[in-house]
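Data first, discussion second: the structure below is written as structure tokens.
The values are calculated or read from the model by the stated rules, or taken from the named source; none is laboratory data. All figures in this text were calculated on a predicted structure; none of them were measured in a lab. Every residue, glycine as well, gets a Cβ built from its backbone with ideal geometry; the counts of neighbours run over all protein chains shown.
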Amino acid sequence: MRNQFHGLLLVIFLLAGFNYACSHKNHITLSCREDNDLYLTLTGNSNECDRYGTPHEAVNNAPEGSAVMILADNYPGETTNIDFQLFEKAAEKNLRLYVEYPSFLPGIELDQPRGTHWERAVISSDAFAPEIEKLRILAIHDCHFVPAKASDPDIVIARVAGFDSAVYGLPEETWPVLFEVPDYNDKGYLLVSTTKLSQFLTARYAPYDCWQAIWKHIFNRLIPGKKLPDLKWDPLVHPAFPEGENLPPDAEAATLKKGIEWYFNSGLILDESMMEKYNRPANLPVPASADPDLSHDWPFGHRTAKMIPGITSGDGTLGIMEGFDSKIFSDGSQAVRWWNRGDCNGEVAGAMGLAGMALKDRKYLQTGANIGDWLFFKSMISLGDRADPVHPAYGLSGWNDIQEYCGPGSMDGYAVYYGDDNARVIMGMMMAAAAQKSDRYDKRLMNILLGNLRISGIYGFQPDRLDQGPLMKAGWEHFFTAPTVSYSPHYQANMWACYLWAYNQTGFDLFLKRAKTAIEMTVKAYPGQWKWTNGIQQERAKMMIPLAWLVRVEDTPEHREWLEKIASDLLERQDECGAIPEETGEAGKGGFPPPASNEAYGTSETPLIQTNTDKASDLLYTVNFAFLGLHEAAAATGDKFYSDAEDKLAEFLCRIQIRSETHPELDGGWFRAFDFKRWEYWASNGDAGWGAWSVESGWSQSWITAVLALRQMDISLWEFTKNSRIEEQFSPMREQMIPDRILQKLK
């Protein structure tokens, strides 16, 4: 009898333990497809959960008192189909519900779904503290949401300025994203997301650490007091190497090859099959991202990764497009910037040629040659008025090949002239000519050099931008003799480097005089009179290139001192990982400063940072040109100060190159922005033209790969191009373009 009693006690004890264990099991039931990001992440981390195909199946099969997550399968095209009966059933079973992108909510009026443009997600409560503070900014890319009214939401959609936090607070108009429905009923619990939060992996929501904390918070509400599921995931687009990990011995060569192969994998090299779409008038005024319908038509505009293998790359004979826009669609793809730009094509032609030599790859050399030939001999960027000896635009290189009216105040894209873009055409095609060991570009190169010299004023400065209308009205002689001054290295400095190179090739004193005068005036005006563009660091980075080449032409202690001063300030805050932090300059002197209000966010070009405490590098405007400047400075001076900084920067660029199996069109590229403290692609995305996740075929990609190629060959750009025979084109062209009678007026 005693044994039976003890046995009964044991059974009761075991049953109690079993019931206790069951009550604390973190049972989660999901309504979603098999490919849902959250479901894959839960199961991938060995979390137990049940999945059903419809919301009603999930609710009917969920254990009493457990958590049910109804996820948005047809987002963004259709809201999640749920009804009153589902909520009634859930309440009867005392279920704790999380629903996304709902078509119906009990007691809450819902409007038709809408999308976002410049709005971002913002933490609007203290619910996530201390992991995420209130006013923290999040990226829910291509967010579509169901407008609703809710009190005290935890996350909202709003147009806000800031890098990490909404620095001006929340605006009056906000839209709730995540909130509880407090009066749902006496038994159940309802947590609502008006968008699809469970698309975090595919749509590349950022930053990573915040989304981990958000899901932890959501599960804490759905299964309070129970063990939270493990949630770790690898972003589908990520840096090539973690911070601090030792790089393999061949890292730079491998990074260079990946960077050049990106051009072929990106779909940006135009093919004949693309031209019908490319030439449609509707495509011309704006990049594809401005019109979703056009984006869907493009090879990588809003397409899934599985369609990418069917896209063929061109051979360069039709040029290469600008790059990818910063907008990330809900499927993780990015829109293409449609137009062919003169600077990008020249830079890519040069980078391809250098890589072809460094890696001994004939395909790269030939593609670079084809792109260069298109730019100089086939494109309206070089033809038309720019090839007419009697036209004041003779010799200039147009901005892009758009030949249609682009709206009020704008002109044909090929009839807009930026000295900086012209200079990078020259530098790119200098590299292309040297790599191909050809003189067929020399006449056009001399043409561009003299065309730009004759719109540079007596002190060596050009207008920052010159449109065809004012040029035709005033004539080139007006600009050639004008006392123009612009202390803006962003717009001016690369052309001074070109003039120094041209002087070294031809001995024409005016190239040296105007470059040297402008450089000296600009150095003496530093920093108080400098006009910075998107930041002061890009001005320093651009200034290093002509300063290094001035040392080549006239190696004096003063010129070395100028170079060291600018370089020291540029590198003052270089991080141990090699990153060069972005920095804004003196208030009131920025052409495109950080937005001064929430309303100003997205209305103009702007820095990646809001304040100088933000830890981001800019690979479009600063780091790329700093890489070239340091390389040329190290070669010109032999000073380890420059070469050590260059080596650190090279390692940094190898580490942060994009890797992605899901998005091969991005694999091997470099985004504009990198947060080197978070080690993630992140920054303020308010630039109206080239945001944080943009990838530029010229500018960043071309100069990073070009310098990596120069490093592989252990040569400077100055030395690589020194054997040019461009001097043979100089005398007849100079007499034609800048006659002696004009030169006499300068004396």
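Condition check ((1) out of contact with any Lys or Arg (no Cβ under 6 Å at 6 or more places or on another chain); (2) under 15 Å from D618 (Cα atoms); (3) modelled with pLDDT of 95 or more) across all residues:
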position: A645; (1), (2), (3): yes, no, yes
position: E661; (1), (2), (3): yes, no, yes
position: K677; (1), (2), (3): no, yes, yes
position: E696; (1), (2), (3): yes, yes, yes
position: Q701; (1), (2), (3): yes, yes, yes
position: L708; (1), (2), (3): yes, no, yes
position: R711; (1), (2), (3): yes, no, yes
position: E735; (1), (2), (3): yes, no, yes
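Inspection of the range 617-627 finds a residue satisfying the criterion of being of a type in the set (V, I, T), modelled with pLDDT of 95 or more, touching a strand residue (DSSP E or B) at 6+ places or on another chain (Cβ under 9 Å) and not in a loop (DSSP other than H, G, I, E, B). Screening the candidates D209, D164 for the property of being modelled with pLDDT under 95 and farther than 27 Å from E92 by Cβ yields one hit, D209. Of the candidates D569, D575, the single residue that is in a loop (DSSP other than H, G, I, E, B), surrounded by fewer than 22 Cβ atoms within 10 Å (Cβ to Cβ) and among the charged types (D, E, K, R) is D575. Could you please let me know if G115 is under 28 Å from P581 (Cα atoms) and either of a type in the set (A, V, I, L, M) or touching a residue at least 24 places away in the same chain (Cβ under 8 Å) (or both)? When the stated conditions are applied, G115 does not pass them.
One line per residue, one yes/no per condition, for (1) out of contact with any Cys (no Cβ under 9 Å at 6 or more places or on another chain); (2) surrounded by fewer than 24 Cβ atoms within 10 Å (Cβ to Cβ); (3) at pLDDT below 95:
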{"position": "E347", "(1), (2), (3)": "yes, no, no"}
{"position": "G353", "(1), (2), (3)": "yes, no, no"}
{"position": "M357", "(1), (2), (3)": "yes, yes, no"}
{"position": "K363", "(1), (2), (3)": "yes, yes, no"}
{"position": "L375", "(1), (2), (3)": "yes, no, no"}
{"position": "W399", "(1), (2), (3)": "yes, yes, yes"}
{"position": "Q403", "(1), (2), (3)": "yes, yes, yes"}
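Of V485, V416, V425, all but one fail to be assigned by TED's automatic domain parsing to the domain that holds I536, among the β-branched types (V, I, T), within 25 Å of T721 (Cα to Cα) and touching a residue at least 12 places away in the same chain (Cβ under 8 Å); the exception is V425. Residues that are out of contact with any helix residue (DSSP H, G or I) (no Cβ under 9 Å at 6 or more places or on another chain), at pLDDT 95 or above and closer than 30 Å to E586 by Cα: does the range 484-493 have at least one? Among the residues of the range 484-493, at least one is out of contact with any helix residue (DSSP H, G or I) (no Cβ under 9 Å at 6 or more places or on another chain), at pLDDT 95 or above and closer than 30 Å to E586 by Cα, which makes the answer yes.
Looking at the structure I just gave you, is G475 under 22 Å from A415 (Cβ atoms), small (G, A, S) and touching a residue at least 60 places away in the same chain (Cβ under 8 Å)? Here the answer is yes, as G475 does meet what is asked. Could you tell me whether N340 is touching a residue at least 24 places away in the same chain (Cβ under 8 Å) and outside any helix (DSSP H, G or I)? Yes: the conditions hold for N340. Being under 22 Å from E605 (Cα atoms) and among the aromatic types (F, W, Y) narrows it down to one residue among W703, W679; which is it? Criteria check complete, one pass: W703.
With respect to being surrounded by fewer than 23 Cβ atoms within 10 Å (Cβ to Cβ), in the same structural domain as I519 (by TED's automatic domain parsing) and part of a loop (DSSP other than H, G, I, E, B), A587 fits the description. Filtering A683, A635, A645 for residues that are of a type in the set (A, V, I, L, M, F, W, C), closer than 16 Å to I580 by Cβ, in a helix (DSSP H, G or I) and not assigned by TED's automatic domain parsing to the domain that holds S165 leaves a single hit, A645.
Let's see how each residue does on (1) assigned to a loop (DSSP other than H, G, I, E, B); (2) over 15 Å from I123 (Cβ atoms):
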residue: I157; (1), (2): no, no
residue: V160; (1), (2): yes, no
residue: E172; (1), (2): yes, yes
residue: D183; (1), (2): yes, yes
residue: L201; (1), (2): yes, yes
residue: R204; (1), (2): yes, yes
residue: D209; (1), (2): no, no
residue: K216; (1), (2): no, no
residue: N220; (1), (2): no, yes
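Taking the conditions (1) hydroxyl-bearing (S, T, Y); (2) over 15 Å from the mean Cα position of the chain (by Cα); (3) more than 29 Å from W549 (Cα to Cα) in turn, S694 satisfies each one other than (2). Examine the range 537-554 for a residue that is part of a loop (DSSP other than H, G, I, E, B), out of contact with any Ser or Thr (no Cβ under 8 Å at 6 or more places or on another chain) and modelled with pLDDT of 95 or more, and state whether such a residue exists. Yes, because at least one residue in the range 537-554 is part of a loop (DSSP other than H, G, I, E, B), out of contact with any Ser or Thr (no Cβ under 8 Å at 6 or more places or on another chain) and modelled with pLDDT of 95 or more. Considered as a group, the residues in the range 648-674 that are assigned to a strand (DSSP E or B) and of a type outside the set (A, V, I, L, M) include one that is nearest to the chain's Cα centre (by Cα), and that residue is F674. Taking the condition closer than 30 Å to C344 by Cα, modelled with pLDDT of 95 or more and in contact with a Ser or Thr (Cβ under 8 Å, 6 or more places away or on another chain), does V146 pass? No, not satisfied. Quick one: is E180 over 20 Å from D37 (Cβ atoms), of a type in the set (D, E) and buried (at least 19 other Cβ atoms within 10 Å of the Cβ)? For E180, the condition - over 20 Å from D37 (Cβ atoms), of a type in the set (D, E) and buried (at least 19 other Cβ atoms within 10 Å of the Cβ) - is not met.
With respect to (1) assigned to a helix (DSSP H, G or I); (2) buried (at least 23 other Cβ atoms within 10 Å of the Cβ); (3) among the polar types (S, T, N, Q), the lone exception for N370 is condition (2). The set of residues from the range 453-467 being out of contact with any strand residue (DSSP E or B) (no Cβ under 8 Å at 6 or more places or on another chain) and buried (at least 24 other Cβ atoms within 10 Å of the Cβ) comprises L453, S456, G460, F461, Q462.
Name every residue in the range 127-148 that is of a type in the set (G, A, S) and in contact with a Pro (Cβ under 7 Å, 6 or more places away or on another chain), in order of residue number. Once the filter is applied, which keeps residues that are of a type in the set (G, A, S) and in contact with a Pro (Cβ under 7 Å, 6 or more places away or on another chain), the range 127-148 yields only A148. Out of I519, I580, one residue alone is outside any helix (DSSP H, G or I), in contact (Cβ under 8 Å) with a residue 12 or more places away in the chain and among the hydrophobic types (A, V, I, L, M, F, W, C). It is I580.
Per-residue answers, yes or no, for (1) part of a loop (DSSP other than H, G, I, E, B); (2) surrounded by fewer than 14 Cβ atoms within 10 Å (Cβ to Cβ); (3) touching a His at 6+ places or on another chain (Cβ under 8 Å):
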position: G469; (1), (2), (3): no, yes, no
position: F479; (1), (2), (3): no, no, no
position: V485; (1), (2), (3): yes, no, no
position: N494; (1), (2), (3): no, no, no
position: A497; (1), (2), (3): no, no, no
position: W501; (1), (2), (3): no, no, no
position: N504; (1), (2), (3): no, no, no
position: F511; (1), (2), (3): no, no, no
position: R514; (1), (2), (3): no, no, no
